[in-house]
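Structure, as structure tokens:
The values are calculated or read from the model by the stated rules, or taken from the named source; none is laboratory data. Bear in mind that the values here come from a model prediction, so they are computed numbers and not experimental data. Note that each Cβ is placed from the backbone with ideal geometry, even for glycine, and that neighbours are counted across all protein chains shown. Each accessible area value is taken on the protein alone, full model and side chains, heavy atoms only, with ligands, DNA and RNA left out. Shrake-Rupley method; radii C 1.70, N 1.55, O 1.52, S 1.80 Å.
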Amino acid sequence: MRLISVIATGLLASVVLAVDHNNVDSGRPLRFDDAYSIAYRERAFETGFTLDTFRRSSPKYGLKTEYKYGFAKNQDIGIGFEPSYSTSNRRGDFGNVELSYFNGLRREIDDQPALAYRLDVGLPTGTGSKGVEVRARGILTKTVGQYDKIHLNLDVMTSTARIMDERQTTAGITVGYTKPLGYPTQFDRTLVAQFSMEQSRDRSRDWVGSVGLGIRQQVGVRSVLDFGIESDVFETKGRAKSSVRFAIGYSVGF
Amino acid sequence: MRNTLLLFVALTSVTMAVAQDHGGHQPTRSGTLPTMPSDLPRWISSPGADHLFYKAAPYNWAIERIPPFAQDMYGTGVGHAMAYEALVTGRKAQLETKVFETIDRVLQKPPRIPVDEAALSPTFVRKYGYLEKVFDWAHILHFQTIDVLTHPGWSDAQKEAEIERLWSFYSAQPYAITGLPMNMEYLDSFPFSGRFRSNYPKVNGLFWGYHWLQTVNYDMLFRVPVQDQAAQYSVLGSQYRTTELYRMRDFMPMTAEMSPRFSKRFPMIANAFDNLHMLHDNVNDILAAEELTEKQRQEQVKIAIYRVLSSTHKGHEPGSGEDVPGSLHDHRHPTSTPGMGFMKGMEDDVMYMSGMGWMDMSVCAHCSIPLPDGPMWGATVTADGWTMLVRCLMCARDMAAETPGRAIIRAATEDPSRILVLISDEEGILTSNIPGVVFLEEFGEHPECSAWSRAFTSKSAFDQFVRENPDLAQSKPLSLDAWAQINRGTPDTYRKIDRPNPYRPEPTTGGSR
């Protein structure tokens, strides 16, 4: 917990302004995206500390950092790093380098949802990584009620590496929910929640279901602090893998 | 069949005219709805969100150096968003009650960070997302120009050069609003015009109240040292929250009325802000017009955007349009004020100003003698919600003294980089931003007042000026206290223009002056 405080304080003190609490990107703090890119010419820096706990092994710490650039209207590209440290084997891992491309196809118009897709390419730079991993994600965002939104994310992930006992291609679906808190007098906080089902790479396991809850809090004119907690709740075959995952992060646009 | 059609058209026109008369004070309106232009820009139909980021620069968010001002400005993002959402979600009946109270509460206790207007008005944005692009982009220009002016460490010349670059940056996008002056009477002459302010005067008062804030701040900041900006906001912020938000105006505040110095230097930006605010008014009126179908509203909003887009006026020049008065390409402006389009009843430099009556903008507001040409601008007085150009410090002092409440005087000194800012309290006691300020007031012929009524940053500067002007050899330097004690009243040269209020045809006093 002390480590979390140190990292969070350091980030708050060092970076200057941008981003919006209403716009949700995967990892900040949960795993779903909304269907909107960052603005044209915006640069965003998103970073966050994660802590994965396991029922039968020691926790793992991660520090995900992503830089994005809105290179065209409704389109951004990014590069991300996710080094981690496992207490069980006392070893750090540089992790894979992830390249991303996001394309917002359309905004919400009348009753039609906003649509987007993103592509992520994971380069095998991490310890023991093999092959290039590609994830394609289709994203749909739709307002429900007055201010709340649901975000449907459909994922297909594939790897160029053929590994024994691992699926080469897997799928996932996440339903995200965002609700601004405090309207109509406060405008700086959004509740985020998700339900997710993801097919495990491990052939001995099947679909893993998880839920998550978090907050995105605007802390500066263009900077957001986020906090989230996720937990696997069921698995169609085998046991849930991660007991609880905490994430705390900071995003800034400039 | 043809006769039936003609009868229907005639009846519709009469119905619209009757509907327009509801408020009682409407200008002459056209009876037919504007029709869709053939050259509507294609981006209006683009389905993308098309969010644009502001120009990356070291001055961004420098507005936060004046926290109460920044927060009041952030609060302005709430009003239209909430009202638009109410208008498109069937809550018109609550506008003057519940919605007004909510907006007012936010404006009185504004957010500490900017508000995402689209998040507050999701239904409106789903219907009129193309309009949001125009508003957002213009609001960014608003904020960035303020940021430049509040940024410490740059000279006035650097700031003005950057504002020119910001204008180019803004104008490069298709959503940019024209910087040409536009005929405001024309823009307010459609069958639905005035509907919102007639039906929802309290909410409209809030809108025009914060348009006042959005326009009055530029002269507070322009060429004023950053350390002298915040003190002025104690006067303007209080005026905004206690009076301007609830003032019933005849017409929206114009940038050149509220910030005449900034508008003279950047007329294209002043015009763009006025055209933006008029677009807001047009949209308010369209959404409030009960007789329009949803399809007609969509069309009229697109046409309203088209009217003020920069692309619509490509090739036209400021000052042109005498051959097409009162139309889309009437870009005439008062001779003395290129940062303002023609207003209702305006004759060259003479216009009706809400709260002031008829004013000639080419002359001193206090002594009615023509203002000096060139960069030597004398002084301005901001009091009771208005800002006026005057020839000299004597006129500024005496005009401020005759106006109840607090006032701000901004005046040129011998040093172009040091503007004198005098702020009066409720008793009229003045404080200065220049501790050793020295005044010259050698009362003489009024037409030469700008020569013998001046301020200097130091006694030595005063002495040098006197040496260079032998006519003033006998003049004694006056301290602030001594100078402030003088009051020469309203000059004999002052000429009140007595005409009826063009926005209220019935007999009226014509304003306070």
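Okay, here's what the table says:
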{"quantity": "Odd one out for B:P372 among (1) over 22 Å from the mean Cα position of the chain (by Cα); (2) part of a helix (DSSP H, G or I)", "calculated": "(2)"}
{"quantity": "Check on B:K133, in contact (Cβ under 8 Å) with a residue 40 or more places away in the chain and either more than 11 Å from chain A (Cβ to nearest Cβ) or more than 23 Å from B:Y306 (Cα to Cα) (or both)", "calculated": "no"}
{"quantity": "Output for segment B:375-390, where each listed residue is over 16 Å from the mean Cα position of the chain (by Cα) and of a type in the set (G, A, S)", "calculated": "B:G378, B:A379"}
{"quantity": "Some residue of segment A:178-187 being surrounded by 15 or more Cβ atoms within 10 Å (Cβ to Cβ) and closer than 26 Å to A:T236 by Cα", "calculated": "no"}
{"quantity": "Residue among B:P111, B:P181, B:P152 that is open to solvent by 10 Å² or more (accessible area, probe 1.4 Å) and modelled with pLDDT of 95 or more", "calculated": "B:P152"}
{"quantity": "Residue in segment B:442-462 that is assigned to a loop (DSSP other than H, G, I, E, B), aromatic (F, W, Y) and either surrounded by 12 or more Cβ atoms within 10 Å (Cβ to Cβ) or out of contact with any strand residue (DSSP E or B) (no Cβ under 6 Å at 6 or more places or on another chain) (or both) present", "calculated": "yes"}
{"quantity": "Qualifying residue in segment B:41-49 (condition: away from chain A (no Cβ under 12 Å) and closer than 22 Å to A:G182 by Cα)", "calculated": "no"}
{"quantity": "Residues of segment A:41-98 satisfying the condition of being open to solvent by 60 Å² or more (accessible area, probe 1.4 Å), of a type in the set (D, E, K, R) and under 20 Å from A:T125 (Cα atoms)", "calculated": "A:K60, A:E82, A:R90, A:R91, A:E98"}
{"quantity": "Among the residues listed as B:G31, B:G79, the single one being surrounded by fewer than 20 Cβ atoms within 10 Å (Cβ to Cβ) and either in a helix (DSSP H, G or I) or more than 10 Å from chain A (Cβ to nearest Cβ) (or both)", "calculated": "B:G31"}
{"quantity": "Flag if A:T87 is farther than 22 Å from A:K130 by Cα and of a type in the set (S, T, Y)", "calculated": "yes"}
{"quantity": "Residues of segment B:91-116 satisfying the condition of being more than 8 Å from chain A (Cβ to nearest Cβ) and within 15 Å of B:Y210 (Cα to Cα)", "calculated": "B:F100, B:I103, B:D104, B:L107, B:Q108, B:P110"}
{"quantity": "Segment A:69-85 residues that are closer than 10 Å to A:S37 by Cβ and within 14 Å of chain B (Cβ to nearest Cβ), paired with ones that are open to solvent by less than 20 Å² (accessible area, probe 1.4 Å) and basic (K, R) (beta carbon under 8 Å, 6 or more apart)", "calculated": "A:D76/A:K68"}
{"quantity": "Residue match in segment A:106-124 (condition: aromatic (F, W, Y), surrounded by 15 or more Cβ atoms within 10 Å (Cβ to Cβ), more than 14 Å from chain B (Cβ to nearest Cβ) and assigned to a strand (DSSP E or B))", "calculated": "no"}
{"quantity": "Contacts under 6 angstrom Cβ, first residue in segment B:236-247 being farther than 16 Å from B:F69 by Cβ, partner part of a helix (DSSP H, G or I) and not acidic (D, E), 6 or more apart", "calculated": "B:Y246/B:G205"}
{"quantity": "Residue match in segment B:306-316 (condition: aliphatic (A, V, I, L, M) and either out of contact with any Ser or Thr (no Cβ under 7 Å at 6 or more places or on another chain) or crowded, with 23+ Cβ neighbours inside 10 Å (or both))", "calculated": "yes"}
{"quantity": "Checklist (1) away from chain B (no Cβ under 14 Å); (2) at pLDDT 95 or above applied to A:D232, failing item", "calculated": "(2)"}
